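The values are calculated or read from the model by the stated rules, or taken from the named source; none is laboratory data. Predicted model only: the values in this text are computed from it and were never measured. Cβ coordinates were reconstructed from backbone atoms using ideal geometry, including for glycine residues, and neighbour counts include every protein chain displayed. Ligands, DNA and RNA are stripped out before the accessible areas are found, and what is left, the full protein with its side chains, is counted by its heavy atoms. Shrake-Rupley method; radii C 1.70, N 1.55, O 1.52, S 1.80 Å.
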Amino acid sequence: MPASPKATKKEIVTAFRTREILAAARRLLDQRGLEAMTMEEIAAAAGVAKGTVYLYFQSKDDLILALLTRVGENIIRDVTAVLQAPGTPPEKLIRVVSVLLEYLNREHLLFPIYARELLRGEREPQDGFWRPYQELEDQFVALVTDLFAEGMAAGQFIAANPRLLTFLIRGLIRAAGFYQKAEGQADVAQEALPVILTLLSSGLIRENPSLAEEAAL
């Protein structure tokens, strides 16, 4: 097996600076909100000159979208961990929904950007943030589609197109995000989780409706 090429000093510095700038932006986002924070403040919080920030991110929007992409990468990591852990497909599905709602709570300040770019990406698929984020969306769909297919093969989910069921689940999570935004709530998971799990247990999951009750406790 060939050895992985070592990162150059420039690549190491770039990765470090990018990580530091994004971490500073994340802190300011929580403290000041999306509209209030400025590139000058982000630079100061990261301990670099404003011009340095612009070397890595052409605009504030680019920086925020990079944060959103990091969130997407973390979601894929956590969903993959759930799917690789022991458990039946229905149990894993419930855990995946819980993970997604937890992220929705934690990243509620970024959800409006996600919603905006989602619509723009559907209209202009080659522009904006949608191009780098599309791969993450595709990974999520593939992971959950495989989970539904596995559960159907075991007779634990209703017979349906597994890809369609994945899009329906994703739509429920997005709907919870739009509700959270419209109502100005910071914590939608506590309200949405038992409802979504009840829908799953009464509609998609066969044989064990008590799973939703157990997960909601």
Looking at Tyr114, Tyr103 in this structure, which one is hydroxyl-bearing (Ser, Thr, Tyr), assigned to a helix (DSSP H, G or I) and farther than 30 Å from Ala154 by Cα? Tyr114
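Being surrounded by fewer than 15 Cβ atoms within 10 Å (Cβ to Cβ) and either under 24 Å from Gly184 (Cα atoms) or touching a Phe, Trp or Tyr at 6+ places or on another chain (Cβ under 9 Å) (or both) narrows it down to one of Glu102, Glu73, so name that one.
Glu102
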Just to be sure before I move on: is Gln139 modelled with pLDDT under 85, open to solvent by 50 Å² or more (accessible area, probe 1.4 Å) and not basic (Lys, Arg) in the structure I sent? no
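Looking at the structure I just gave you, is Ala81 touching a helix residue (DSSP H, G or I) at 6+ places or on another chain (Cβ under 6 Å) and either among the hydrophobic types (A, V, I, L, M, F, W, C) or part of a helix (DSSP H, G or I) (or both)?
no
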Take region 147-183 and flag every residue that is open to solvent by less than 50 Å² (accessible area, probe 1.4 Å), over 13 Å from Pro90 (Cα atoms) and in a loop (DSSP other than H, G, I, E, B). Ala160
Residue pairs meeting the criteria (Cβ under 6 Å; at least 6 apart or on separate chains; first more than 15 Å from Leu100 (Cβ to Cβ) and in contact (Cβ under 8 Å) with a residue 40 or more places away in the chain, in region 143-156; second among the charged types (D, E, K, R) and part of a loop (DSSP other than H, G, I, E, B)): Gln156/Arg206
Can you find even one residue in region 72-84 that is free of Cβ contacts under 8 Å to residues at least 40 places away in the same chain, farther than 27 Å from Met152 by Cα and out of contact with any strand residue (DSSP E or B) (no Cβ under 7 Å at 6 or more places or on another chain)? yes
Just name the residue that is least open to solvent (accessible area, probe 1.4 Å) out of those in region 12-46 that are among the acidic types (Asp, Glu) and over 22 Å from the mean Cα position of the chain (by Cα). Glu41
